[in-house]
Each structure stands twice: as structure tokens, then as C-alpha cells.
1. Which one of PHE164, LEU122, ASN150 has its Cα pushed farthest toward the positive end of the charge dipole of region 122-171, where Lys and Arg give +1 and Asp and Glu give -1 at the Cβ?
2. Between CYS146 and ILE16, what length in nm is gained on full extension when 0.36 nm per residue of separation is reduced by their alpha carbon distance?
3. Test of the criteria: in region 112-171, which trypsin sites (Lys or Arg not before Pro) are in a DSSP loop and have at most 14 other Cβ atoms within 10 angstrom of their Cβ?
4. For region 122-171, how big is the tail of P(r) above 18 Å, as a whole percent of Cα pairs?
5. Report the FRET efficiency, 1/(1 + (r/R0)^6), for ASP100 and ASP132, where r is their Cβ-Cβ distance and R0 is 30 Å, rounded to 0.05.
6. Find, among the GluC sites (Glu not before Pro) in region 94-171, those assigned to loop by DSSP (not H, G, I, E, B) with at most 10 other beta-carbon atoms within 10 angstrom.
7. Over region 122-171, calculate the relative contact order: mean separation of alpha carbon pairs under 8 Å at least 6 apart, over the residue count, as a percent.
8. Residue separation times 0.36 nm, minus the C-alpha to C-alpha distance between MET4 and ARG24: what's the value?
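All of the numbers you see were taken from the coordinates with simple rules; none came from a lab. Predicted model, so just to flag it, every value in this text is computed and none were measured. Ideal geometry is used to build each Cβ from the backbone, glycine not excepted, and the neighbour counts take in all protein chains shown.
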Amino acid sequence: MSGMFGIIWTIVVLYICYRIYKQRMENPQENNQRGQIPNQRGQVQTLQGQRPMQAKPIVQPARAKQMPQAEAQKKPLAERQNKNEPESTLAYLEEKARQDAMEHEMEKREEARRLYESSGGLRPAQRLYEGDSVPGGCKCVICGYCAAENLVPVSTRERFSCYFCREPLDT
């Protein structure tokens, strides 16, 4: 008897919840006590007294392909945005990522230049790890100074330095 009563009670509660949900979806502003509106395009209000936020528009894939990305990236951030609008988080992150990429590229160039100068203009060879086989098109050259095993391409006329101590290798 109590099992049947529990099932009926659950069905009644679910039906009541469903009716309340249906009523709020039909009349969201009349029946809402907390000032919340179901997620719609346009403005979304959170609580009464707080300022509404603008929902972001959904970009369709066909429209995204039509927009020229290169032209949008060429313009500086200040020109892309209106001066009265505050900078969005996404725009800030894009600008920061672009600056970080440029800085990383400059650091790589500086490190390559420093390595080139420290090795006397010789490109460093690759390391041959213990137990690895020599790949095709390469040969193993042992450094005369530190006895490190270096991988050097066979078909190049370029000179290399040791990957470990940067001494010139005799190929």
C-alpha cells in the first residue's frame, strides 16, 4: 500500500512541477518573483537591481567563413573597438596572446643568434641517445673534446658543433 502511495505522490509532484515550469515559460515576467528571465537572445537579467548584460550573438559557420580574418587582425585593437566601449575580455586575451607570441618569437631568435655566435657560426648537431640506432641519412660523430655522440646529416656540406660543448666537429 505504501509503495503505491509513493508512486502516486511522485507523479503528482512531477505534474505540479511541470505545470509551474510551463506557466513560467509562457509568462516569464508576470510569474517571476526573483526577476530572472529564462535564457533568451538579447538581454539577460540576473537579479532585480543589477544591471542587465548583453548576450553574445551566435556566429553562424557560413558567416564566419565570409568574414576576412586577415583584415580584422591587421587593424590595431583601438581601431577595432569604439572608444566609448570598454575593452572586452576576449579582445584583451587575443591581444595578450598576440603580444606573447611576438615576444616568444623574439626570444627564440635571440637564443638562436646567441647559440650561433657561441658556436663560432656552426649549427649545433643533434644528440644521439644511448641505445638509439642511427637514423638513415645521418651519421654518428663523436666529439673530440667531450666524447659526446652527435647526429650529423650525411648529405650536407654544412659544418656542425657538438650539441653538448659546442666545439667544432670533425666530420
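1. LEU122
2. Values: separation 130, 0.36 × 130 = 46.80 nm, distance 8.23 nm.
Gain in length upon complete extension: 38.6 nm.
3. Numbers: sites: ARG113, ARG114, ARG127, LYS139, ARG157, ARG159, ARG166; in loops: ARG157, ARG159, ARG166.
Filter output for region 112-171: ARG157.
4. Details: 232 of 1225 pairs.
Percentage above 18 Å: 19.
5. On the way: r = 35 Å, r/R0 = 1.15.
Efficiency at R0 = 30 Å is approximately 0.30.
6. Sparse-neighbourhood loop GluC sites (Glu not before Pro): GLU130, GLU158.
7. In percent, rounded to a whole number, it is 41.
8. Values: separation 20, 0.36 × 20 = 7.20 nm, distance 3.07 nm.
Value of the extension gain: 4.1 nm.
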